[in-house]
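Below: one structure, written as structure tokens.
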Amino acid sequence: MIKIKKNIPLIDQHDKNYMYGGKFGGNFIPETLKKPVEDLTKLFQELRRDRKFLNQRDYYFDNYVGAPTPFVKLQNLTRHLGGAQIWAKVVSDANGGAHKIYNATVHCLIAKKAGKKYIVGDTGAGYAGKMLSMAAKKFGLKCKIFMGAKDIKRQKPNVDAMRKNGAEIVPVYSGSQTLVEAVSECMRYWVSNCDTTHMCVGSTVGPNIFIKICAWSTAQISRELKIQLTNVFGKIPKKVKLINCVGGGSSAMGFWNEFMDYTSKQIEFIGVEAGGPKNSKLHAAPLTNNSKVGILHGAKQYVIQNKEGQISETESISAGLDYPGISPLHCFLKDAKRARYTSATDEEALQAFQLVTKLEDISPSLEPSHAFAEAIKIAPRSSTETIIIVNSCGDSLKDKFIIKKRLGSYIR
């Protein structure tokens, strides 16, 4: 049985081949990328232990990102549902409106340390691209973003923001024209331009070093939450459920990171994948649907495949969750039984969005609306001593056209 080691960062619990539990992750990359990946791995290992770099990171997290983000009790939602207390970590209050700003900021700092003038990234919901374009502008880097043509249409507000920040957007027309193809094209570009260009992978996917950088960056969320929980309750409560949407898995890793050494009886991790449209066979939930292990974007993971082992198309109302794979770290947590994974349909996410925005002064994007859907399901049958915390990791502004089309109106 796969076990998680205590007192060792989760991102470092791999073997010499960068495999977690001997089964997930690795660096399945072309020969031309081995040297750039090795160089980046060495640089990051030095920087994460460099006090000067850490101080620089913390300075920008405080004065640019806007740490700490709020931790609030959703009084009306709690009263409406009964049962558990429902709280939210409102990460969408970070600069730019989503958790992606942490990863983008750290990658730009690394790019500057590496002497690179260009930075390239992928995006689905547009938040990773928007944040990277913001951070690149802040640190004087030229930025190129790869984005599926379908996502360019459905996430227009973030596309407009990227262009306003001076980024070049490269539309990807192959396959499903969504995140999976955007990541592929971004990696292909980096193969040919790694001497001058730094690559920022937008989630905890890809070769091991990109998983590490992203999870390490977003861990700021749980560092803040741990302090906030202690300030509010005097100590870490006895029964906490941390609920997070899961696509590539970056916001969940950041939300859970500092609580890895707690037992699941005290701190339960619940990941909510995109179940796709109701009554449809298409979804973006490999963990919930017992998908097989395959290789995608340089790493072994559970991935949605057809009978021939080819990557299958996915479907979700949420562009940020519309991905056929999942971070090797989440595969590791699932097999170690440290996290529980479920899914919510498009319709459930929309219903959750409606209820939360009706009762509370927050407006989650469609990604965290999947997490709110799970909170709404389990709160009534949980005890009043149970603390449910949802990571509201993105703002709904980017989804305003989708929401208006599906619900008839958009109120933020």
Being touching a strand residue (DSSP E or B) at 6+ places or on another chain (Cβ under 9 Å) and assigned to a helix (DSSP H, G or I) narrows K144, K130, K116, K138 down to just K130
From the residues in the stretch 168-226 that are assigned to a helix (DSSP H, G or I) and among the acidic types (D, E), which one is modelled with the highest pLDDT?
E224
Output the number of the condition that F71 fails; it satisfies all remaining conditions of (1) out of contact with any Leu (no Cβ under 7 Å at 6 or more places or on another chain); (2) within 23 Å of S392 (Cβ to Cβ).
(1)
Go through the residues of the stretch 87-106 one by one and say whether even a single one is closer than 19 Å to C143 by Cβ, surrounded by fewer than 23 Cβ atoms within 10 Å (Cβ to Cβ) and in contact (Cβ under 8 Å) with a residue 24 or more places away in the chain.
yes
Among residues of the stretch 245-266, those that are assigned to a loop (DSSP other than H, G, I, E, B) and under 14 Å from G325 (Cα atoms), counted:
4
Long-range neighbours under 8 Å by Cβ, at least six apart or interchain, first residue free of Cβ contacts under 8 Å to residues at least 60 places away in the same chain within the stretch 262-281, second of a type in the set (A, V, I, L, M) and buried (at least 19 other Cβ atoms within 10 Å of the Cβ):
Q266/V240; I267/V240; I267/L242
I need every pair where a residue in the stretch 167-184 that is assigned by TED's automatic domain parsing to the domain that holds I145 and closer than 16 Å to G320 by Cα has its Cβ under 6 Å from the Cβ of a residue that is of a type in the set (D, E, K, R) and assigned to a loop (DSSP other than H, G, I, E, B), sequence separation at least 6 or different chains.
S176/E313; T178/D322; L179/D322
Of all the helices (runs of 4 or more DSSP H) wholly in the stretch 1-94, which have at least 1 residues that are at positive phi and among the β-branched types (V, I, T)?
none
Determine which member of the set A352, A373 is without any contact (Cβ under 8 Å) to a residue 60 or more places away in the chain, crowded, with 18+ Cβ neighbours inside 10 Å and closer than 15 Å to L81 by Cβ.
A352
Would you pick out the residues in the stretch 377-394 that are surrounded by fewer than 21 Cβ atoms within 10 Å (Cβ to Cβ) and either farther than 19 Å from N289 by Cβ or among the small types (G, A, S) (or both)?
I378, P380, R381, S382, S383, T384, E385, T386
Considering only the stretch 267-316, give the strands (runs of 3 or more DSSP E) lying wholly within it that have at least 3 residues that are within 18 Å of G124 (Cα to Cα) and modelled with pLDDT under 95.
none
Restricting the stretch 186-232 to residues that are closer than 23 Å to P9 by Cβ and without any contact (Cβ under 8 Å) to a residue 12 or more places away in the chain, which is surrounded by the fewest Cβ atoms within 10 Å (Cβ to Cβ)?
T230
Cross-chain or 6+ apart pairs with Cβ under 9 Å, the stretch 325-346 first and surrounded by fewer than 22 Cβ atoms within 10 Å (Cβ to Cβ), then in a helix (DSSP H, G or I) and of a type in the set (D, E)
T342/E374
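The values are calculated or read from the model by the stated rules, or taken from the named source; none is laboratory data. Given the structure is predicted, the values throughout are model-derived calculations rather than measurements. So basically every Cβ, Gly included, is an ideal-geometry build from the backbone, and we count neighbours across all protein chains shown.
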